[in-house]
Amino acid sequence: MPSATTKPALRRIPAKSSTEKILKIISEDGGVILEDFLTAAQVESWNAELDPALDKLAAGYEVPDNFERAEFHGNNTKRLTNIVTHSKTFREQLLDKDSVHEIASRVFEAESGSYWLGAAQVIEIGPGNPAQPLHRDLENHHPFVTMGPAGPEVALNFLIALSDFTERNGATRVIPGSHKWPDYNDRGNHDMTIPAEMRKGDCLLINGKVCHGGGHNQSTDFYRRACAFTFQPGFLTPEEAYPFMIDMEMVKAMSRRAQQMVGFRSVYPKGSPGLWCIDVKELGAQIGL
């Protein structure tokens with residue numbers, strides 16, 4: 001296990017690198033920074049689409065008598081969900097992006113057979129917000145915590161910088177190599193972390209087993225913005241209930257692959273005759289897609 005004085009680095013490679021190279025680094029380190037994952041024009045359009053909804057959204061997360069959950073979400077952090085609806089850029093240029101699915105299919109299909117979107121959230125950390133508690137994304141599904149490193153891969157998180165990420169403004173903190181620790185109840189501590197410093201348009205790609213968390217925004221006026229979208233096996237319940245969030249007319253304009261990612265198609269995990277079906281038939285055909 002690394003100590004505060006022997007911290008491994010996060011490697012940085014061009015987003016156009018081969019899938020083999022990307023997955024090799026993730027296998028070794030738990031994550032990698034993909035530089036220039038989005039163009040400047042894509043970042044600009046995405047931010048413009050998100051601004052109206054974020055302007056209306058209050059920071060913080062009010063949960064009576066649940067300090068732990070409120071601390072996790074951040075007292076000066078905005079978390080905007082249903083990005084499929086809010087952003088045409090995400091819906092058309094990222095949710096169905098070939099390079100994204102080439103990576104995801106290599107991670108999930110051999111082991112799990114299918115995958116879909118677990119969550120897609122814009123996370124905007126405001127000035128003064130403390131560091132987020134460290135966690136692993138697989139903790140949404142507790143049995144995989146007890147399995148440790150021998151368990152299947154159940155999350156793949158594309159965290160895209162929509163503003164510059166610096167250590168001072170709350171760059172996500174990561175413990176590279178923590179996906180190999182034998183006990184997943186051990187989340188390490190902040191002294192072990194390193195900041196994922198990125199330019200806007202870069203992407204931090206991590207698996208669900210690596211310890212990470214939002215950083216402390218020490219600035220007085222900078223709002224650090226990112227979008228994290230996470231894929232998971234089709235046999236697991238997504239965090240976000242997309243069929244209750246996305247208008248059907250919008251769904252009809254999406255590709256079949258994008259429809260499946262948000263639960264408007266059936267999924268076929270390894271060994272299963274099909275899940276998320278109607279009368280054991282493919283969902284999309286039964287609802288007129």
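Entry remark, region 161-186: residues being closer than 11 Å to I206 by Cα and of a type in the set (A, V, I, L, M) number 2 in total.
Scanning region 124-133 turns up no residue that is at pLDDT 95 or above and within 22 Å of I26 (Cβ to Cβ).
Condition check ((1) surrounded by fewer than 19 Cβ atoms within 10 Å (Cβ to Cβ); (2) basic (K, R); (3) within 29 Å of V43 (Cβ to Cβ); (4) touching a strand residue (DSSP E or B) at 6+ places or on another chain (Cβ under 6 Å)) across all residues:
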position	(1), (2), (3), (4)
K180	yes, yes, no, no
Y184	no, no, no, no
M198	no, no, yes, yes
C203	no, no, yes, yes
I206	no, no, yes, yes
V210	no, no, yes, yes
R224	no, yes, yes, yes
E239	yes, no, yes, yes
Y242	no, no, yes, no
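Checking each residue in region 132-146 for being surrounded by fewer than 17 Cβ atoms within 10 Å (Cβ to Cβ) and touching a helix residue (DSSP H, G or I) at 6+ places or on another chain (Cβ under 9 Å) picks out P133, H135, E139, V145.
Filtering region 132-142 for residues that are part of a loop (DSSP other than H, G, I, E, B) and without any contact (Cβ under 8 Å) to a residue 24 or more places away in the chain leaves a non-empty set. When region 214-247 is limited to residues that are among the small types (G, A, S) and under 12 Å from the mean Cα position of the chain (by Cα), the one that is nearest to L57 (Cα to Cα) turns out to be A226.
Can you spot a residue in region 156-164 that is touching a helix residue (DSSP H, G or I) at 6+ places or on another chain (Cβ under 9 Å), among the aliphatic types (A, V, I, L, M) and farther than 24 Å from Q42 by Cβ? Within region 156-164 (the criterion being touching a helix residue (DSSP H, G or I) at 6+ places or on another chain (Cβ under 9 Å), among the aliphatic types (A, V, I, L, M) and farther than 24 Å from Q42 by Cβ), the answer is no, since none of the residues qualifies. Taking first residues from region 228-252 that are closer than 15 Å to G284 by Cα and partners that are among the small types (G, A, S) and loosely packed, with under 15 Cβ neighbours inside 10 Å, the Cβ contacts under 9 Å between residues at least 6 apart in sequence or on separate chains come to M248/G288; K252/G288. The helices (runs of 4 or more DSSP H) found wholly in region 1-114 and carrying at least 3 residues that are at pLDDT 95 or above occupy 19-29, 40-56, 83-86, 98-108. Under the condition of being at pLDDT 95 or above and outside any loop (DSSP other than H, G, I, E, B), the residues counted in region 175-190 number 3.
Here V154 fulfils each of the conditions (1) among the β-branched types (V, I, T); (2) part of a helix (DSSP H, G or I); (3) in contact (Cβ under 8 Å) with a residue 60 or more places away in the chain apart from (2).
Scanning region 157-174 for residues that are in contact with a His (Cβ under 7 Å, 6 or more places away or on another chain), crowded, with 24+ Cβ neighbours inside 10 Å and not small (G, A, S) returns T172, V174.
The values are calculated or read from the model by the stated rules, or taken from the named source; none is laboratory data. Keep in mind that this is a model prediction, so the values were computed, not measured. All Cβ positions, even for glycine, are placed from backbone atoms using ideal geometry, and neighbour counts span all protein chains on display.
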